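In what follows, a structure is listed as structure tokens, so that the remarks can point back to it.
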């Protein structure tokens, strides 16, 4: 390796959020490839609705907010998207300011009517996500204390249905199971989500659990 480049205490701030790196290390090998390493990266108050594409259009109208995220041991080669790795946690809130139409998990009205569900109970309002950086995707490994507003529903990964991923380009492929609670805080019906598409245009399916087979 030659031409080393080390940066310390890197801070990026704009209206979309704050990103901090304690250290950024760059090394170039004999083939001219740059290998980057970030021991710790922190993100605070990230609001995707404030992010813009290169053509200056908004990336998404979602009310999703990443209150805090930390990624550790990020490593990869700049020219190889599939080489990136790391691990971390993401704390989020997803509370609509006026109605539910702008949330990341906006559910089609006809589906709500068919299932007889309160739309507020179908939307994760806050919680923590554990994930791994795998190439150009975040692999979701666990949902911790992810609830709807008022904790009327709790959300888990439907891991037996396959992996759940979020692409760094905003693409979605999520399998989530939801448990509703009745007024006595007892568990009620289980439902399963599939969320595909993108952050800007999620395509969502919801179906009740049809058997007693344990989901996980």
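Just a few scattered comments:
- Förster radius 45 Å - calculated FRET efficiency between residue 34 and residue 151 (Cβ-Cβ, nearest 0.05): 0.45
- Gain upon complete extension [residue 134, residue 47; 0.36 nm per residue less C-alpha separation]: 29.0 nm
- Two-site FRET efficiency, residue 26 against residue 201, from Cβ-Cβ distance with R₀ of 30 Å, rounded to 0.05: 0.25
Only the coordinates and a few stated rules stand behind these numbers; no lab work does. For clarity, every value in this text was computed on a predicted model and none was experimentally measured. Note: ideal-geometry Cβ built from the backbone for every residue, glycine included; neighbour counts use all protein chains shown.
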